[in-house]
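One structure is given here, and the rest of the page talks about it.
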Amino acid sequence: MVLIGILRYFVSKLMRSFQVPDPKIVKEGHVSHNSIFFSLQVIVRARNLRGAANFIPPKSFRSRRVYFSNEENGLLFVPKGQAQNAQAQMFSDPNMAMDMMKKNLSMIIPQTLTFAWVNFFFSGFVAGLVLYY
């Protein structure tokens, strides 16, 4: 089972696709090469700020909160017309659906092979005897 897990990891690593960063974000200078990594980093930084709210002065907290959530140029602010839910985003980006299919296949195929292997070696094995009267 451990070897199957390792094999599954490397197959999924080979099938992984890399997304091109959004040209708008690169043009604005928020990130240099990978917008997804940058977005995750900003979210982690905002979460850390929220967790440390009781340990820093209130003025510092407010200034840092404005840095993340300012309506003009905050890092986490998304205008109401541009926000998309995950399902609408999946329909607009076919690569997202393809990645989901790759992940599903990378899980189904090794599981099917494992079941076939177990079936081959344990065929005819009697696990229990049921008596009918």
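Net length available on complete extension from T114 to V44 is 21.4 nm, with 0.36 nm assigned per residue and the Cα-Cα distance removed.
Placing dummy labels 7 Å off each Cα toward the beta-carbon, the span from K103 to F77 is 3.2 nm.
No lab work stands behind these numbers, since they all come straight from the coordinates. These figures come from a predicted structure and were not determined experimentally. So basically every Cβ, Gly included, is an ideal-geometry build from the backbone, and we count neighbours across all protein chains shown.
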